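The values are calculated or read from the model by the stated rules, or taken from the named source; none is laboratory data. Keep in mind the model is a prediction, meaning the values are calculated, not measured. All Cβ positions, even for glycine, are placed from backbone atoms using ideal geometry, and neighbour counts span all protein chains on display. Please note that ligands, DNA and RNA were not included when accessible areas were found on the heavy atoms of the full protein model with its side chains. Shrake-Rupley method; radii C 1.70, N 1.55, O 1.52, S 1.80 Å.
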Amino acid sequence: MRWWDIEPVLELEQELFPEDAWSAGMFWSELAHARGPHATRRYVVAEGSGGRIVGYAGLAASGDLGDVQTIAVSRDQWGTGLGARLLEDLLRAATAFECAEVLLEVRVDNTRAQKLYERFGFEPIGFRRGYYQPGNVDALVMRLSGPTSPDSAPSVHVQGETHG
């Protein structure tokens, strides 16, 4: 993800998460840590036909811990495997960042995403009450120990910047 992707990403963010969408400032802050030799973030976008952004994802790394910050896929791409390809890219980045485990939060009412994470080996470890505001929706916290990028997994084709 580059700075010129922020505006179309914000449009998709608002469409998918109208109550708790990230702000432009949040994306700018994350991207500030995604480049150079000391990068601690990986943010990517996926483009559909005509260059339209149809998905995006981000990972933050700190020490040996990775944290999936966001994954979003436009509704017209649901069921195409794009979410899995974005997650695979983040897990490759976690491996490159030498993360021993990866955490994430997912809305308790988002069973589609929970099933995706379970397919990749994430396990529930707890809840964060009222995490998603202003709707006061709980988050399920999930963890993956020892992230790997299986050779049998499909290659990810997303536009993005490498972390270092």
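Quick check: anything in segment 132-142 in contact with a helix residue (DSSP H, G or I) (Cβ under 6 Å, 6 or more places away or on another chain) and at pLDDT 95 or above?
yes
Of the numbered conditions (1) over 20 Å from R128 (Cβ atoms); (2) touching a helix residue (DSSP H, G or I) at 6+ places or on another chain (Cβ under 7 Å), W78 satisfies every one except a single condition; which is it?
Going through (1) over 20 Å from R128 (Cβ atoms); (2) touching a helix residue (DSSP H, G or I) at 6+ places or on another chain (Cβ under 7 Å) one by one, W78 breaks only (2).
Test E101 against the stated conditions and say whether it is surrounded by fewer than 17 Cβ atoms within 10 Å (Cβ to Cβ), under 26 Å from A39 (Cβ atoms) and not small (G, A, S).
Numbers: surrounded by fewer than 17 Cβ atoms within 10 Å (Cβ to Cβ): yes; under 26 Å from A39 (Cβ atoms): yes; not small (G, A, S): yes.
Yes, satisfied.
Just wondering, is there one or more residues in segment 124-131 that are open to solvent by 50 Å² or more (accessible area, probe 1.4 Å), touching an Asp or Glu at 6+ places or on another chain (Cβ under 8 Å) and either in a helix (DSSP H, G or I) or closer than 20 Å to G55 by Cα (or both)?
Checked against the condition, which is being open to solvent by 50 Å² or more (accessible area, probe 1.4 Å), touching an Asp or Glu at 6+ places or on another chain (Cβ under 8 Å) and either in a helix (DSSP H, G or I) or closer than 20 Å to G55 by Cα (or both), segment 124-131 yields no hits at all.
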